[in-house]
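A quick write-up on the structure given underneath.
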Amino acid sequence: MSKSIEIFVDGASKGNPGPSGIGFVFVDEKKSVVKKSFKFIGNTTNNIAEYTALIYGLQEALIDRYESVTVKSDSELMTKQLRGEYRVKNENLRPYYEQFLHLSRGFNKVEVVSIPRGDNSAADKLANKAVDSRFSSSLKIE
């Protein structure tokens, strides 16, 4: 197994706050999808959904024993906060940011990359599938 992975993450909220879901996709160096996952997370905001997708993606990467991760997200707020370009002013987001810092210690390298929304369509589709599924809050891995 490869020691590094790209994780495309996305959160969706219908209403903001409203019914929300997360999706993430693992892509290896050959640009092959090696894992896809989605989960309904209840009623919350879009920013919390984005951070929740990040946390689940990082946890899954630790479980799979990756050493290096590149997180790719179309959330400008989250990526700039994770890179230290924006302060985390919203107290509701702070625990997620702190959990990111904690989980990051489990990897040799964590890179956070902001990508255009169009480049995140696979994770976006999964997050919306999670919202539409609503019946299950367990993590679905495809």
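The values are calculated or read from the model by the stated rules, or taken from the named source; none is laboratory data. All values reported here derive from a predicted model rather than from experimental measurement. Neighbour counts run over all protein chains shown; Cβ positions are idealised from the backbone, glycine included.
Report whether or not GLY106 is assigned to a loop (DSSP other than H, G, I, E, B) and in contact with a helix residue (DSSP H, G or I) (Cβ under 6 Å, 6 or more places away or on another chain).
Taking the combined requirement at face value, the residue satisfies it.
Here's a check for you: in the range 27-80, which residue that is among the small types (Gly, Ala, Ser) and within 21 Å of GLY118 (Cα to Cα) is nearest to the chain's Cα centre (by Cα)?
ALA53
Is it the case that ASN43 is surrounded by 14 or more Cβ atoms within 10 Å (Cβ to Cβ) and farther than 23 Å from GLU142 by Cβ? Walk me through how you get there before you give the answer.
Details: surrounded by 14 or more Cβ atoms within 10 Å (Cβ to Cβ): no; farther than 23 Å from GLU142 by Cβ: yes.
Considered against the rule, which asks whether it is surrounded by 14 or more Cβ atoms within 10 Å (Cβ to Cβ) and farther than 23 Å from GLU142 by Cβ, ASN43 comes out as no.
Across the range 123-142, which residue is modelled with the lowest pLDDT among those that are surrounded by 13 or more Cβ atoms within 10 Å (Cβ to Cβ) and of a type in the set (A, V, I, L, M, F, W, C)?
Among those that are surrounded by 13 or more Cβ atoms within 10 Å (Cβ to Cβ) and of a type in the set (A, V, I, L, M, F, W, C), it is LEU139.
Determine whether TYR97 is in contact with a helix residue (DSSP H, G or I) (Cβ under 7 Å, 6 or more places away or on another chain), outside any strand (DSSP E or B) and crowded, with 21+ Cβ neighbours inside 10 Å. Please lay out each step first, then the result.
Numbers: in contact with a helix residue (DSSP H, G or I) (Cβ under 7 Å, 6 or more places away or on another chain): yes; outside any strand (DSSP E or B): yes; crowded, with 21+ Cβ neighbours inside 10 Å: no.
Against the criterion (in contact with a helix residue (DSSP H, G or I) (Cβ under 7 Å, 6 or more places away or on another chain), outside any strand (DSSP E or B) and crowded, with 21+ Cβ neighbours inside 10 Å), TYR97 does not qualify.
Within 18 Å of ILE22 (Cα to Cα), at pLDDT 95 or above, polar (S, T, N, Q) and touching a Phe, Trp or Tyr at 6+ places or on another chain (Cβ under 6 Å): which single residue out of ASN120, ASN92 fits that description?
Of the residues listed, the single one that is within 18 Å of ILE22 (Cα to Cα), at pLDDT 95 or above, polar (S, T, N, Q) and touching a Phe, Trp or Tyr at 6+ places or on another chain (Cβ under 6 Å) is ASN120.
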